[in-house]
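Presented below is the structure to which this report refers.
The values are calculated or read from the model by the stated rules, or taken from the named source; none is laboratory data. Just so we're clear, the structure is a prediction, and the values are computed from it rather than from any experiment. All Cβ positions, glycine included, derive from the backbone under ideal geometry; neighbour counts span all protein chains shown. Note: accessible area is taken over every heavy atom of the protein model, side chains too, but ligands, DNA and RNA are not part of it. Shrake-Rupley method; radii C 1.70, N 1.55, O 1.52, S 1.80 Å.
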Amino acid sequence: MIPGKTLPQLGKDPLSKVIAAMTLEEKVNLVVGQGMCMSEIPPELSQAVGQMSPVVGETHDQVPGAAGTTYSILRLGIPSLVVADGPAGLRISPARPNDKSTYFCTAFPVGTLLASSWDVELVNRVGQAMGNEVLEYGVDVLLGPGLNIHRNPLCGRNFEYFSEDPYITGKMAVAMVNGVESQGVGTSVKHFAANNAETNRNSLNTIVSERALREIYLRGFSMAVEEAQPWTVMSSYNLINGTYAPESYDLLTKILRNDWGFRGFVMTDWFGGSDAVAMMNAGNDLLMPGNNNQNKAILEAAKAGKLDIKVLDKNVERILNIILQSPKINGHKFSNKPDLKAHAIVARQAASEGMVLLRNFDSALPLPAETKKIAAFGNTSYEIITGGTGSGDVNEAYSVALVEGLQNAGLSVDENLKALYEAYLKTAKAGRQGSRGFMMGSVPVAELSVNSDIINSIVTLTDAAIITIGRNSGEGYDRKDGEGDFLLTPVEKEIISSVTSAFHAKGKKTIVILNVGGVIEAASWKEIPDAILLAWQAGQETGNSIADILVGKVNPSGKLASTFPVNYKDVPSASGFPGKINGQTQPQANKEPDMMAAFINPQPAKVIYEEGIYTGYRYYTTFHVPVSFEFGFGLSYTTFSYSNLKLSSTKFGSKITATVEIKNIGKTGGKEVVQLYMSAPGKALDKPVIELKGFKKTRLLKPGESELLSFDISGKDLASFNSPLSAWTAEKGVYTVKIGSSSMNIKQTATFTLGTEKIVKKESLALHPVEKINELKPR
Ligand code: BGC
């Protein structure tokens, strides 16, 4: 048979004809990925993977370092799709054997920083730049963005995710998906769903109510699907109410497709799920990275009539539909030369937009013009952390340390102090006990304890001190509620105190920079330094972006998209996190997780979401629990006034528009993040005191300038998920619109009424909890 003459070809002939021409074996090959190239599998995983007999596939031949590929069927014109991580930028190998070229990608700021920008246009621009690298390096689908909720500050992958709030999560995801996909490549929104801890991630059974699922853990995904229709969704490792996410028909068919209208395909997380046939039936179309056992199981089930061929055909059709949109099908010739310089500019701008000024006593920042020389303390002033570890890490060409950023901004740093840190870091790293592997990255070097004689000698030689506190975490493990992680170490606290008092004694200021991927404890030390800048993990340009803010080139406008609690025990999910095995709480790992055991012989673990819908600020505001820095909080070098809140009506029909005027009443140009919260009657169903229902960032307003912002409020914004009815319902009564500069700083309020109860949307009956949950309720 001459290919192309007598056989239907994908893209040229109707899809139904192409599918009809596929053999059963070809269909099965298409729904099972082509495995991972052995050299790309971390050594600690290779034995486990070996036991699962992976197909050693085409990843290496196509784009080395990509996470996986699909099977190509050239006789029918079906090319292979290449998929690669991840949320902070494309992750591929930077070098290839016998090839002098480099394949670096841009390390953009992590998801948590992007959300703190509250700027959907900016996130869309970051997405465009990322998507362009995906396209130009010959990849078809980017495995991101990650949109799991920050249920607990210790989740090791929070840095990849956006927020504790589903609304901002959803808006960020929409912006990112649209940005990446504007380049003609796809995204995979992940990890669907309720994957909020890393400990025992392959076996954790999440027990959660339908209401908490719909309102908190699924909401961001539903917005992403309904508003941006991503090419693919990645199912998560965990079980939800007793069923593996990739095996859950309720999740992947009833909710994702029937309720939300998803049109793309679903892939598993890597090696996720247990029963290949159940995954096909559930609507998990592609098993990644794929292995021979899965292939065999699906083939046998199909032959024995245990897997309906119509189901398999549907899985195949969904994958082919996406391949039809891919750059390959249109014969795109990728350049392998994206404009990394242009993308570095995007990364730098985005980073400074999402940094949050937490403290600024006596206008310590921006640094006054006479500041010339800085004393830079803290290991991470010299070795900045650009992003987290694991699949969310990027192979970038360079990263700008804080001291380099300061120097680029025309400041000098104390060279003796620099030499001291560099020598210390060199020795400490040389003496380090091996690596903790790809997932956990290197063992952090303990903070250098600088003695008071050195500090005192440096004070007279410098104009201000900067102390950087660094933290890292990543895939496969959770953070610890202890010193060196959630808490500062005694040495870190001591440096903050002694440097501040030495500098204050000479009338000079101290600034703390938090180079962290997630929330830490700050209440016990935040009053000591003059200023605190939360820089997050800001990608390869971190040092330059921090310096832009310190010298006042950029006026900070980021605000927190997750709360900083006073103590870890105040977190509503603290007591049950990260889950239990046989009723025993699991300690967070301090060593590389045992991936082999996790994949081959997962221990059944369970977590119960007893806090229900009361995550993050929903809990702190409703239960009157004081926090260290509240959701939505962030300072600026200028101040804004809020006035003239107007509603288009005081009676709700199908929509209300709220407008409010924001004016820069300070002395410096700046942008303000304006938040719209709502309080519902909360009589029929209990409700959080406030919930975020809208946000906008102003343009750069010059002193004296103002902007009128408008927000649309729809029926969905009034509604809660009413589990007995399996519907979103809005109860009648008085609703209050609260416009604030943070969740605890409400500037303007107005009310409207809903005359009769409204059923806003019916949903499928799905994911009913398998056991009774003793859910938290306001008193
Ligand atoms: C991670 C995913 C990632 C995949 C491919 C998994 O271990 O959980 O987020 O996309 O690997 O690298």
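Numbers at a glance
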| quantity | calculated |
| --- | --- |
| Subset of the stretch 101-119 that is open to solvent by less than 20 Å² (accessible area, probe 1.4 Å) and among the hydrophobic types (A, V, I, L, M, F, W, C) - its residue that is nearest to Val18 (Cα to Cα) | Cys105 |
| Qualifying positions in the stretch 61-79 - of a type outside the set (Lys, Arg), away from the ligand (no atom under 16 Å from the Cβ) and open to solvent by 10 Å² or more (accessible area, probe 1.4 Å) | Asp61, Tyr71, Ser72, Leu74, Gly77, Pro79 |
| From Ser236, Ser222, Ser248, residue being touching a residue at least 12 places away in the same chain (Cβ under 8 Å), hydroxyl-bearing (Ser, Thr, Tyr), on the phi < 0 side of the Ramachandran plot and within 16 Å of the ligand (Cβ to nearest atom) | Ser236 |
| Odd one out for Pro289, checked against (1) closer than 27 Å to Gln9 by Cα; (2) within 25 Å of the chain's Cα centre (by Cα); (3) free of Cβ contacts under 8 Å to residues at least 12 places away in the same chain | (3) |
| Within the stretch 293-324, considering residues that are under 33 Å from the mean Cα position of the chain (by Cα) and farther than 20 Å from Thr232 by Cβ, the one most open to solvent (accessible area, probe 1.4 Å) | Asn293 |
| Index of the failed condition, Asn200 passing every other in (1) surrounded by fewer than 24 Cβ atoms within 10 Å (Cβ to Cβ); (2) within 16 Å of the ligand (Cβ to nearest atom) | (1) |
| Helices (runs of 4 or more DSSP H) contained entirely in the stretch 261-371, each with at least 3 residues that are of a type in the set (D, E, K, R) | 292-303, 309-323, 340-354 |
| Every residue from the stretch 140-160 that is within 12 Å of the ligand (Cβ to nearest atom), under 12 Å from Ala115 (Cα atoms) and either at pLDDT below 95 or not in a loop (DSSP other than H, G, I, E, B) (or both) | Gly146, Glu160 |
| Tabulated pairs, the stretch 261-275, first closer than 16 Å to Trp231 by Cβ and hydrophobic (A, V, I, L, M, F, W, C), second assigned to a loop (DSSP other than H, G, I, E, B) and within 15 Å of the ligand (Cβ to nearest atom), C-beta under 8 angstrom, 6+ apart or interchain | Phe265/Trp231; Val266/Asn284; Met267/Gly33; Met267/Asn284; Met267/Met288 |
| Qualifying residue in the stretch 336-348 (condition: more than 30 Å from Ala115 (Cβ to Cβ), open to solvent by 10 Å² or more (accessible area, probe 1.4 Å) and more than 26 Å from the chain's Cα centre (by Cα)) | yes |
| Selection within the stretch 135-151 - open to solvent by less than 10 Å² (accessible area, probe 1.4 Å) and farther than 15 Å from Ala173 by Cβ | Tyr137, Gly138, Val139, Asp140, Val141 |
| Qualifying position, being out of contact with any Lys or Arg (no Cβ under 8 Å at 6 or more places or on another chain), open to solvent by 10 Å² or more (accessible area, probe 1.4 Å), more than 16 Å from the ligand (Cβ to nearest atom) and closer than 27 Å to Asn544 by Cα, among Asn132, Asn98, Asn178 | Asn132 |
| The one condition in (1) under 24 Å from Ile73 (Cα atoms); (2) more than 16 Å from the ligand (Cβ to nearest atom); (3) at pLDDT 95 or above that Leu287 fails to fulfil | (2) |
| Search result, residues across the stretch 427-451 that are part of a helix (DSSP H, G or I) and among the hydrophobic types (A, V, I, L, M, F, W, C) | Ala428, Ala430, Phe438, Met439, Met440 |
| Hits in the stretch 168-219 - residues which are within 17 Å of the chain's Cα centre (by Cα) and among the acidic types (Asp, Glu) | Glu198 |
| Count - residues of the stretch 657-679 that are open to solvent by 30 Å² or more (accessible area, probe 1.4 Å) and in a loop (DSSP other than H, G, I, E, B) | 4 |
| Qualifying positions in the stretch 464-488 - out of contact with any Pro (no Cβ under 8 Å at 6 or more places or on another chain) and over 16 Å from Ser381 (Cβ atoms) | Ser473, Gly474, Glu475, Lys480, Asp481, Gly482, Asp485, Leu487 |
| Top-ranked residue of the stretch 81-95 - restricted to ones that are surrounded by fewer than 24 Cβ atoms within 10 Å (Cβ to Cβ) and in a loop (DSSP other than H, G, I, E, B), ranked as nearest to the ligand (Cβ to nearest atom) | Ser93 |
| Candidate set from the stretch 5-31 (those that are charged (D, E, K, R) and free of Cβ contacts under 8 Å to residues at least 60 places away in the same chain); member that is least open to solvent (accessible area, probe 1.4 Å) | Glu26 |
| Residues located in the stretch 378-406, provided they are in contact with a strand residue (DSSP E or B) (Cβ under 7 Å, 6 or more places away or on another chain), assigned to a helix (DSSP H, G or I), farther than 18 Å from Glu447 by Cβ and not small (Gly, Ala, Ser) | Leu406 |
